[in-house]
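First up is the structure itself, then whatever we jot down about it.
The values are calculated or read from the model by the stated rules, or taken from the named source; none is laboratory data. From a predicted model like this one, the values you see are computed outputs, not experimental measurements. So basically every Cβ, Gly included, is an ideal-geometry build from the backbone, and we count neighbours across all protein chains shown. Side chains included, ligands, DNA and RNA excluded: accessible areas come from the protein's heavy atoms. Shrake-Rupley method; radii C 1.70, N 1.55, O 1.52, S 1.80 Å.
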There are 2 protein chains.
Amino acid sequence: MLNKLLLATTSEGKVREIKRLFEGSGIEILIADQSLQVEEKGLSFLENAYLKAKAYYEVYGIPTFADDSGLVIPALDGYPGIYSSRFYSLSWGGQEPVETTRDMANIKKVLRLMEGVEDRSAYFFACVLVYAGDWGLWAEGRCDGSITYEPRGEGGFGYDPIFQPEGYTKTMAELRPEEKDKISHRGKALRRLLELLKMLK
Amino acid sequence: MLNKLLLATTSEGKVREIKRLFEGSGIEILIADQSLQVEEKGLSFLENAYLKAKAYYEVYGIPTFADDSGLVIPALDGYPGIYSSRFYSLSWGGQEPVETTRDMANIKKVLRLMEGVEDRSAYFFACVLVYAGDWGLWAEGRCDGSITYEPRGEGGFGYDPIFQPEGYTKTMAELRPEEKDKISHRGKALRRLLELLKMLK
């Protein structure tokens, strides 16, 4: 039913990770030749994934895969949450200048807000979704852990360098890609989605 | 996989219609013993259906079916849209007093705003959704037609008395239930959803 899926992202880190997770699934992953600017104005990960997938579907007419994910920190009232990718620019918590990369500005802001905070628990959440015109499906995944006191590791992307998964002494950015996929929010969500897609074949 | 679904609504009109549409599907429909007040604060039909299903799922722990639907009128900038059920109370277009039922107050407001408007085209849109904890699926359906000059018919619910489906001289409220189901937004969406649910069995 769905043997080809267009990715609703051109972000390098995500493309690499998603392609890796789809390997061996029998589903071909297509990359869009243009990056669409989609305003992530939804109030949930599901809504934002839906808005992205729909925008690409409307241009390309191909069943589209989108992902929306973020870091949820209870001590920060759930922020960065759905604002994870542009947290540095939110007035909530004070804007953070981009000195090197946006990822690093986001990380600096989180570490600044978490200074002196004892409850460092946090979780990554991902919603992965396929939109196929007049129907679609989604799966969610969660990875529990805690916020470190400084960034460690070069792998992954986003908040990976300051997130230490439960039961690990390494940060997400210090794990090998296969290790990360096994426990990550996106890995869990995607494996569930693939099970469903296989049944719909 | 899903042979029982809880309905995330206790609205009589919807329960009756949904039960009828699921007849013979092999899926048992359960009615909640309490009506949860869910704020429909989403920005799309999908989001609102998701919020409703999730709220019931969190109380009952049973895969839940939710529906969000509405009447979209291009000449009114897409209103009542996602606000269809409480359009009468919106300040947009001026509040309408509830003299008899909320359905009738909604209808009166639409007819008032459509006075003298030539483009009477409109469509009903439905998003039906199943939320099963960490995954879910949805289907959408649309029924094109136009807004009449006065309410006609006693069947259906909501805006049915002022909606005349394309190719029909009767309003949705004048059609027999089986006729309505054949062409309605909810009927179309639900048949698509049932196809998907059967594949996931």
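Taking A:Glu115 in one copy and the same position in all the others, each labelled 7 Å out along Cα→Cβ, what are the pairwise distances from the first, in nm, shortest first?
Counterpart label points of A:Glu115 in the remaining copies fall at 6.2 nm.
Using each residue's phi in the range B:109-119, evaluate 6.51 cos²θ - 1.76 cosθ + 1.60 at θ = phi - 60° and report the 3J(HN,Hα) Karplus result to the nearest Hz, with x for Gly and Pro.
5, 4, 5, 4, 5, 8, 4, x, 8, 7, 6
Run the numbers on chain B and let me know its relative contact order in percent, using alpha-carbon pairs under 8 Å that are six or more apart.
Relative contact order comes out at 18 percent.
Given a 1.4 Å probe and no ligands, DNA or RNA in the count, how much accessible surface is buried by A and B, both sides, to the nearest 100 Å²?
Adding both sides of the contact gives about 2200 Å².
Counting only Cα atoms, I'd like the Rg/Rh figure for the range B:39-98, Kirkwood definition for Rh.
Radius of gyration relative to Kirkwood radius: 1.07.
Hey, got the average number of other protein chain Cβ atoms within 10 angstrom for residues in B:128-138?
Shielding by partners across B:128-138 averages 6.
Given axes a ≥ b ≥ c from the Cα gyration tensor, I'd like to know whether the range A:1-52 is rounded (a/c under 1.5), prolate (a/b larger than b/c) or oblate.
It comes out prolate by the Cα gyration axes.
Hey, for A:Glu58 with labels 7 Å out along Cα-Cβ, what do the inter-copy distances come to in nm, ordered shortest first?
So the label point of A:Glu58 gives 3.0 nm to the other copies.
Considering the Cα positions of the range A:4-197, please state its Rg to one decimal place and its Dmax as a whole number of Å.
Gyration radius and largest Cα-Cα distance of the range A:4-197: 16.3, 50 Å.
What order do A:Thr10, B:Thr9, A:Thr171, B:Thr100 take when sorted by accessible area (1.4 Å probe), most exposed first?
Heavy-atom accessible area, descending, gives B:Thr100, A:Thr10, B:Thr9, A:Thr171.
At 1.4 Å probe size, with the rest of the protein present, what percent of the exposed accessible area of the protein assembly as shown is carbon and sulfur atoms?
47 percent
Quick check: with the 1.4 Å probe, what order do B:Ser84, B:Ser121 take by accessible area, largest first?
B:Ser121, B:Ser84
With a 1.4 Å probe and all protein chains in place, put A:Tyr159, B:Tyr149 in order of accessible area, largest first. Mind showing how you got there, number by number?
On the way: A:Tyr159 15, B:Tyr149 165 Å².
Largest accessible area first, the residues go B:Tyr149, A:Tyr159.
Residues of the range B:41-89 losing 50 Å² or more of accessible area relative to the isolated chain, 1.4 Å probe, heavy atoms only?
Buried by the other chains: B:Leu43, B:Leu46, B:Glu47, B:Tyr50.
Quick one: dipole size for the range B:4-197, taken about the Cα centre, charges +1 on Lys/Arg Cβ and -1 on Asp/Glu Cβ, in debye to the nearest 20. Don't skip to the answer; put the middle values down first.
On the way: 24 positive and 30 negative charges, 40 e Å.
Taking the Cα centre of the range B:4-197 as origin, the dipole is about 200 debye.
Given 20 Å bins starting at zero, what is the percent of C-alpha pairs of the protein assembly as shown in each, up to the one with the largest pair distance?
Here the calculated profile for the protein assembly as shown is 25, 51, 22, 1.
Projecting each Cα onto the charge dipole of the range A:64-114 (Lys/Arg +1, Asp/Glu -1 at the beta carbon, about the Cα centre), which of A:Gln95, A:Tyr83, A:Asn106 comes out farthest on the positive side?
A:Gln95
For B:Glu23, place a label point 7 Å out from Cα along the Cα→Cβ vector, do the same in each other copy, and report the separations in nm, one decimal, smallest first.
5.3
Could you report the accessible area of A:Asp68 in Å², rounded to 10, computed with a 1.4 Å probe on the protein chains as they sit in the structure?
Rounded to the nearest 10, the figure is 10 Å².
Can you list the residues of the range A:181-201 whose accessible area drops by at least 30 Å² going from the chain on its own to the full set of protein chains, with a 1.4 Å probe?
Residues of the range A:181-201 that lose at least 30 Å² of accessible area once the other chains are added: A:Arg192, A:Leu196, A:Met199, A:Leu200.
Over 23 Å between Cα atoms, which of B:Lys19/B:Lys54; B:Lys19/B:Lys201; B:Lys19/B:Lys41; B:Lys52/B:Lys108; A:Lys14/A:Lys170; B:Lys108/B:Lys170 qualify?
As for pairs spanning more than 23 Å Cα to Cα, those are B:Lys19/B:Lys41; B:Lys52/B:Lys108.
Quick one: accessible area per residue over chain A, 1.4 Å probe, rounded to a whole number of Å²?
45 Å²
Can you give the accessible area of A:Trp92, probe radius 1.4 Å, in Å² rounded to 10?
80 Å²
With a 1.4 Å probe and all protein chains kept in place, how much accessible area does B:Asp160 have, in Å² rounded to the nearest 10?
0 Å²
Give, in nm to one decimal, the length gained when the segment between A:Leu30 and A:Glu12 is fully stretched (0.36 nm per residue of separation minus the Cα-Cα distance).
Gain on extension, A:Leu30 to A:Glu12, equals 5.1 nm.
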